[in-house]
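Working notes, beginning with the structure itself.
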Amino acid sequence: MDAAWAGSALILPEQRWMIEGIEAVDSFVFNPHKWLFTNFDCSAYFVRDPEALTRTLAINPAYLASREGGRVIDYRDWGVPLGRRFRALKLWFVIRSYGVEELRRRLASHIAWAQELAGQVAADPAFDLVSPVSLALFNFRHHPPGLDDEAELDRLNARLLEALNDSGRLYLTQNRVKGRYAIRFSVGQTSTTRDHVQRAWGVIKETAARL
């Protein structure tokens, strides 16, 4: 199971439903560097049967033998590279620095702010919310009243995204939702506040009005 971005939200009790059925999964991975304030790169990887993994990846030449063999976990056998960085230390420092409750509070705030903004987008006659809110992420597009040609709307939104990113005031990415060009809005940076999210919406509307 690849829970790359969304897996961080599992620290929230109200989001634990997303992991229902995990008992049928052989492996689970998510990336704390995507939404848990940990510097790139850091992936948390869980496996049901570690021996199946190490049977596949372990190499045991004489020069790697040690007296601790069999008494410690050799993480060199858990992936393709023989050597690896101590990524877990970064995540440990994040948890120690913020505490689990503060991490939960921040992620819950990101979700609430994204839901609030998605509601504002849906209520604006010049914009479409083109996908439901997923945690702190949604897709939208600029749709001026009277402009219904899909190809032209795609071009308009591509220009809008380019103008927004060129402004240096925010950075968004593109997507395709049911074949339509869309713009992705995601809340998740460590120091983001509700004011940042609302100001971003102001920039989006201001920029769209100039196109």
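The values are calculated or read from the model by the stated rules, or taken from the named source; none is laboratory data. Everything numeric in this text was worked out from a predicted model, so none of it was measured. Every residue, glycine among them, receives a Cβ derived from its backbone with ideal geometry; neighbour counts consider all protein chains shown.
Hey, could you check the range 176-211 for residues that are assigned to a strand (DSSP E or B) and touching a residue at least 40 places away in the same chain (Cβ under 8 Å) and say which is nearest to the chain's Cα centre (by Cα)? Walk me through how you get there before you give the answer.
First pass over the range 176-211, keeping only residues assigned to a strand (DSSP E or B): 176-177, 180-186.
Still in the running and touching a residue at least 40 places away in the same chain (Cβ under 8 Å): 177, 180-186.
Details: 177: 18, 180: 22, 181: 20, 182: 17, 183: 15, 184: 12, 185: 11, 186: 8 Å.
Checking each candidate, the answer is 186.
Close contacts from the range 37-50, counting a first residue that is free of Cβ contacts under 8 Å to residues at least 40 places away in the same chain and a second that is of a type in the set (Asp, Glu), with Cβ to Cβ under 8 Å and a gap of 6+ residues or different chains, come to 47/26; 48/26; 49/26.
For the condition out of contact with any helix residue (DSSP H, G or I) (no Cβ under 8 Å at 6 or more places or on another chain), exposed (fewer than 13 other Cβ atoms within 10 Å of the Cβ) and within 24 Å of residue 92 (Cα to Cα), what is the one hit in 80, 72? Quick ask: steps written out before the conclusion?
Numbers: 80 fails: out of contact with any helix residue (DSSP H, G or I) (no Cβ under 8 Å at 6 or more places or on another chain).
Checking each option against the conditions leaves just 72.
Among all positions in the range 58-67, there is at least one residue which is surrounded by 12 or more Cβ atoms within 10 Å (Cβ to Cβ) and at pLDDT below 85.
Residue pairs whose Cβ atoms lie under 7 Å apart, separated by 6 or more positions or on different chains, with the first residue in the range 125-154 and within 19 Å of residue 209 (Cβ to Cβ) and the second surrounded by 13 or more Cβ atoms within 10 Å (Cβ to Cβ) and among the β-branched types (Val, Ile, Thr), are 127/121; 129/121; 140/121; 140/130; 140/183; 141/130; 141/183. Against the numbered list (1) surrounded by 10 or more Cβ atoms within 10 Å (Cβ to Cβ); (2) not assigned by TED's automatic domain parsing to the domain that holds residue 186, residue 110 comes up short only at (2). Is it fair to say residue 4 is surrounded by 12 or more Cβ atoms within 10 Å (Cβ to Cβ) and either within 25 Å of residue 135 (Cα to Cα) or without any contact (Cβ under 8 Å) to a residue 12 or more places away in the chain (or both)? Answer is yes for this residue.
Annotation note: of 153, 117, 103, the sole residue that is of a type in the set (A, V, I, L, M, F, W, C), within 18 Å of residue 203 (Cα to Cα) and surrounded by 12 or more Cβ atoms within 10 Å (Cβ to Cβ) is 117.
Taking the conditions (1) surrounded by 12 or more Cβ atoms within 10 Å (Cβ to Cβ); (2) over 18 Å from residue 92 (Cα atoms); (3) not aromatic (Phe, Trp, Tyr) in turn, residue 49 satisfies each one other than (1). Restricting 172, 156, 135 to residues that are at positive phi, not assigned by TED's automatic domain parsing to the domain that holds residue 40 and not basic (Lys, Arg) narrows the list to 135. Number of residues in the range 163-200 that are in contact with an Asp or Glu (Cβ under 9 Å, 6 or more places away or on another chain), within 13 Å of residue 117 (Cβ to Cβ) and among the hydrophobic types (A, V, I, L, M, F, W, C): the value is 1.
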